[in-house]
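This report refers to the structure that appears directly beneath it.
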Protein chains: 2
Amino acid sequence: MNIDALFSDEAKRMKRSAIRECLKLTQQPDIISFAGGLPSPSSFPYKDITEISAEVIANSGAAALQYGTTEGENLLRDELVKRYLKEGCKVTRDNFVITTASQQSLDLLGKIFVNPGDTIICELPSYLGGLNAFKVYGANFIGIEPDELGMSAVELEKQIVKLEAEGKKPKFVYIIPDFQNPAGITMPVARRKEIIKVAQKHQVLIVEDSPYREIRFDGESQPMLYSLDDQGLVITLGTFSKSFCPGFRLGWIIANSEVLEKFVQAKQTADLCTSAYLQKIAGLYLQKGLFEKNIGNIVAEYKDKRDNILRCFKEYFPEGVTWTHPEGGLFLLVTMPEHIDSDKLFYKAIEKKVAFVQGYTFFCDGSGRNTMRINFSYADKKTAEEGVKRLAEAIKEML
Amino acid sequence: MNIDALFSDEAKRMKRSAIRECLKLTQQPDIISFAGGLPSPSSFPYKDITEISAEVIANSGAAALQYGTTEGENLLRDELVKRYLKEGCKVTRDNFVITTASQQSLDLLGKIFVNPGDTIICELPSYLGGLNAFKVYGANFIGIEPDELGMSAVELEKQIVKLEAEGKKPKFVYIIPDFQNPAGITMPVARRKEIIKVAQKHQVLIVEDSPYREIRFDGESQPMLYSLDDQGLVITLGTFSKSFCPGFRLGWIIANSEVLEKFVQAKQTADLCTSAYLQKIAGLYLQKGLFEKNIGNIVAEYKDKRDNILRCFKEYFPEGVTWTHPEGGLFLLVTMPEHIDSDKLFYKAIEKKVAFVQGYTFFCDGSGRNTMRINFSYADKKTAEEGVKRLAEAIKEML
């Protein structure tokens, strides 16, 4: 039987990505990997999870193990409301839907907004998992190269006006304002306000994807895009994958009630509801103040690891290599001399038992061939130093 | 801003269903509900889950709380392989992808196979959650009325030939062979073999959705469609939602490796992976033999509840009302005299504080107006008797 003939257009747009094959190589046990986006296992609150798991079963087991509502558990949404009120966001429980982590939020975004050929404006580079989710629905991308403050509002408006002249409108503008993945840039408040002004003037939706917001090492927290808009134009995605643990697969979407209703409908056919057991554990974890406490540990550990890797870059990388200095998060972007192709470097690095992700996979236009994304949250400091040494050798051999 | 203009075609096909609004009514605390598909909370293995949760964190916490593979945890897939080998299915770990419960499996089916206007052949009636998932992708349905042995293979072939004459092919045939939801019919082996013969002759995919298979009260287990096919034409969906607990959101898809690869790609953008923590708990639960032990309890409890409700029907329902006698599962279908409209009956029943699901919602052609689906797994026997009494009164008032 010719199975390919049966597959849908969406299925035909899916590909086992080259990058996924590369990631397999990075999982060999003797490889030092800067490739994934794995949080440090030492940051997981094992004891708290064991205790709260038992507490949830003892106190509300029948509901925890039953079907839940599509919108999500009330306790968890109420605890999230508290957090976002502190951020200056005008939200109630009804602005939230709990998702099976951010990847589902990204998929639902594509599902409810994107028809084949629709345009999404994003940063150049931007998060691979988001771009891939939108691509399945047939999205076209306009990538805006950031300056040191992130996406330029002037360039954004120029692109929107250009689309308008063609009778089009972007379905949304996808922005990672805090410790951008992979570029590591954080957008300051002035730029955020400019972006919101453009969005309001042209009535364009902004998607604020902010998975790392809590993990800030230096500088001051910048107001959320959601808090700067009073017209319901911002959709914000949050997740526990980096600030608590990815194994719980818990994320959330915040949106105005009209848009949220559509997300709920989409989630209902996508997976009905997210585990009430895990939501109840996470809700209690927040309510007991354990989340705040543990974030302090994560920030301290990752800051130390970032400082270490920046020091190693300076010590070992040859001249002509530059890198970003993120104020938080898990990633930074390394730029090599123009003629160095990160694909070739990748295989040379694998020979030396060290891995990264080729930066161009994050550029919707295929540029950034001479860049690599480095994760600094996973490897311990000594391992990271050895990894940077090996990487430096690989780069030097290509110069 | 006109948000409706931004929504995709998929989003426009989603609707907050009337049935969902009805289900809200059924959740009032003083209502006796036969409406949902809730397993009995007394069937959940609370103590085992608490103990195994702690064991998983203690022994493999770092992996349990980390990102997992898209395909799913090896222990869980290996334990499932053992179960299906006993069923005569030729499978290895690589035929399985773990999903965020069956609703995700149904959604991924729609995603990878259905373009707008494509045809799916299903039973009449069939599972609402499946039909809704496929509908979002723009599926058209051909419903085949079952005889007492389930879907007729003769009628199936007739419909396939008719499509072939139009140059079309169904994307798949959706069948619930065991304790069909909502009709309660189980397809005997002879009919299963006829269905597979038709599928092989016309090279058509069969989707075997079997969420209740383990919950058999009477009669003999019939071989799985998957085990009767040697050409890779059957895709089987399984879930722990009825046989363990729905709160874990764990299901699986079994398929030939080519089709499975596409499911894995689709799941990767849909939600990356399903909770490793919950998969590890479920894997150990199976490995320790606790699943088998608990299924015995579930079967005993639901059999008792089925016997009770059948007795109550006989005692209280007026003449002219008939019902199915399922050999297992959680549901049965009640048929009332032709002129009784289940929508009108629904609101009358709600006044009397009893609820069911209008049967026509399970009929892809909108027929079955005079039917209702009754869940018998949730309410205890005394409550169920009171519920049937009230339902009988409502029916009598409409005669």
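A short reminder: the numbers here are calculations on the coordinates, not readings from a lab. Bear in mind the structure is a predicted one, so any value in this text is a computation, not a measurement. No Cβ is skipped: glycine too gets one built from the backbone with ideal geometry, and neighbour counts run over all protein chains shown.
Return the chain B residue and its Cβ-to-axis distance, rounded to the nearest Å, for the rotation relating B to A.
B:Ser53, 2
If you add up the charges near A:Glu87, with Lys and Arg at +1 and Asp and Glu at -1, over every other residue whose beta carbon is less than 12 angstrom from its beta carbon, what do you get? Let's see the in-between values first.
Working: positive: A:Lys82, A:Arg83, A:Lys86, A:Lys90, A:Arg213; negative: A:Asp178, A:Glu208, A:Glu214.
Cβ neighbours under 12 Å give a net charge of +2.
Given R₀ = 41 Å, FRET efficiency for B:Lys293-B:Lys168 by Cβ-Cβ distance, to 0.05? Before the final figure, lay out the partial values.
Numbers: r = 48 Å, r/R0 = 1.17.
The computed FRET efficiency comes out at 0.30.
Got a sec? Charge dipole of region A:31-88, +1 on Cβ for Lys and Arg, -1 for Asp and Glu; which of A:Pro39, A:Leu75, A:Ser53 is way out at the positive end?
Result: A:Pro39.
Give, rounded to the nearest 20 debye, the magnitude of the charge dipole that the protein assembly as shown has about its Cα centre when Lys and Arg contribute +1 at Cβ and Asp and Glu contribute -1 at Cβ. Don't jump to the answer; show the numbers that get you there.
On the way: 100 positive and 106 negative charges, 60 e Å.
Its charge dipole is roughly 280 debye.
Within 13 Å, Cβ to Cβ, of B:Phe217, how many net charges do the neighbouring residues add up to if Lys/Arg are +1 and Asp/Glu are -1?
Details: positive: B:Arg213, B:Arg216, B:Lys303, B:Lys305, B:Arg306; negative: B:Asp178, B:Glu214, B:Asp218, B:Glu220, B:Glu301, B:Asp304, B:Asp307, B:Glu327.
Net of charged neighbours comes to -3.
If you take every DSSP beta bridge whose two residues both sit in chain B, what share of them, in percent to the nearest 5, is antiparallel?
Details: 19 of 36 bridges.
Percent antiparallel among DSSP bridges in chain B is about 55.
Relative contact order for region B:60-290 using alpha-carbon pairs under 8 Å, separation at least 6, rounded to a whole percent?
Working: 402 pairs, mean separation 70.1, N = 231.
Across region B:60-290, relative contact order equals 30 percent.
At A:Ala5, with labels set 7 Å past Cα in the Cβ direction, how many nm apart are the copies from this one, shortest first?
Nearest to farthest, the other copies are at 4.2 nm.
Please compute the net charge surrounding B:Ile142, taking Lys and Arg as +1 and Asp and Glu as -1 over other residues with Cβ under 15 Å from its Cβ.
Values: positive: B:Lys135, B:Lys158, B:Lys162, B:Lys168, B:Lys169, B:Lys171; negative: B:Asp118, B:Glu123, B:Glu145, B:Glu155, B:Glu157, B:Glu164, B:Glu166, B:Asp365.
Surrounding charge for B:Ile142 is -2.
Going down the table (A:Lys267/B:Lys86; B:Lys305/B:Lys353; B:Lys82/B:Lys280; A:Lys24/A:Lys352; A:Lys135/A:Lys305; B:Lys197/B:Lys293), which pairs top 25 Å between alpha carbons? If you can, show how the numbers build up before the last one.
On the way: A:Lys267/B:Lys86 35 Å; B:Lys305/B:Lys353 20 Å; B:Lys82/B:Lys280 16 Å; A:Lys24/A:Lys352 16 Å; A:Lys135/A:Lys305 34 Å; B:Lys197/B:Lys293 36 Å.
As for pairs spanning more than 25 Å Cα to Cα, those are A:Lys267/B:Lys86; A:Lys135/A:Lys305; B:Lys197/B:Lys293.
Please list 3J(HN,Hα) in residue order for region B:323-336, calculated via the Karplus relation 6.51 cos²θ - 1.76 cosθ + 1.60 where θ = phi - 60°; whole Hz, with x for glycine and proline.
8, 7, 10, x, 7, x, x, 10, 10, 9, 10, 9, 10, 9
What translational diffusion coefficient, to the nearest whole µm²/s, does chain A have by Stokes-Einstein, given a Kirkwood radius computed over alpha-carbon pairs, a temperature of 37 °C and 0.692 mPa s viscosity? Show your work: numbers first, answer last.
Values: Rh = 22.0 Å.
Stokes-Einstein gives a translational diffusion coefficient of 149 µm²/s.
Fewest Cβ neighbours within 10 Å first, please rank A:Met1, A:Met187, A:Met151 accordingly. Please list the in-between numbers first.
Numbers: A:Met1 16, A:Met187 23, A:Met151 30.
Fewest to most other Cβ atoms nearby, the residues stand as A:Met1, A:Met187, A:Met151.
Assuming R0 = 30 Å, can you tell me the calculated FRET efficiency for the pair A:Thr322 and A:Ser42, based on Cβ-Cβ distance, to the nearest 0.05? Write down the numbers at each step before the final one.
On the way: r = 30 Å, r/R0 = 1.00.
With R0 = 30 Å, the Cβ-Cβ based efficiency is 0.50.
Volume per residue, Å³, of the convex hull around the alpha-carbon atoms of the protein assembly as shown? Show your work: numbers first, answer last.
Values: hull volume 126.3 nm³, N = 798.
It comes to 158 Å³ per residue, whole-number rounded.
Taking a label point 7 Å from Cα toward Cβ, how far is A:Asp147 from its twins in the other copies, in nm, shortest first?
7.8
Could you give each residue of region A:152-169 its phi-based ³J(HN,Hα) in whole Hz, using Karplus coefficients 6.51, -1.76, 1.60 with θ = phi - 60°, and x for Gly or Pro?
So the J values, rounded to whole Hz, are 7, 5, 5, 5, 4, 4, 4, 5, 5, 4, 4, 5, 4, 4, 8, x, 10, 8.
Going by amide H atoms built from the backbone, whose H comes under 5 Å of the H on A:Phe34, apart from near neighbours?
A:Ala355, A:Phe356
When the convex hull of the C-alpha atoms of region A:172-306 is computed, what volume per residue in Å³ does it have? Could you put the intermediate results ahead of the total?
Numbers: hull volume 17.6 nm³, N = 135.
Measuring per residue, one finds 130 Å³ for the Cα hull of region A:172-306.
Using the number of other C-beta atoms within 10 angstrom as an exposure proxy, rank B:Ser43, A:Ser275 with the fewest first. Please list the in-between numbers first.
Working: B:Ser43 21, A:Ser275 31.
Listed from fewest to most nearby Cβ atoms, that is B:Ser43, A:Ser275.
Hey, can you grab everything whose amide H is under 5 Å from the amide H of A:Trp323? Only 5+ residues off in sequence or another chain; H modelled, so Pro and N-termini drop out.
When sequence neighbours closer than 5 places are left aside, the close amide H contacts are A:Thr335.
With viscosity set to 1.002 mPa s at 20 °C, what whole-number translational diffusion coefficient in µm²/s follows for region A:61-290 from Stokes-Einstein and a Kirkwood radius over Cα pairs?
Details: Rh = 17.9 Å.
Answer from the Stokes-Einstein relation: 120 µm²/s.
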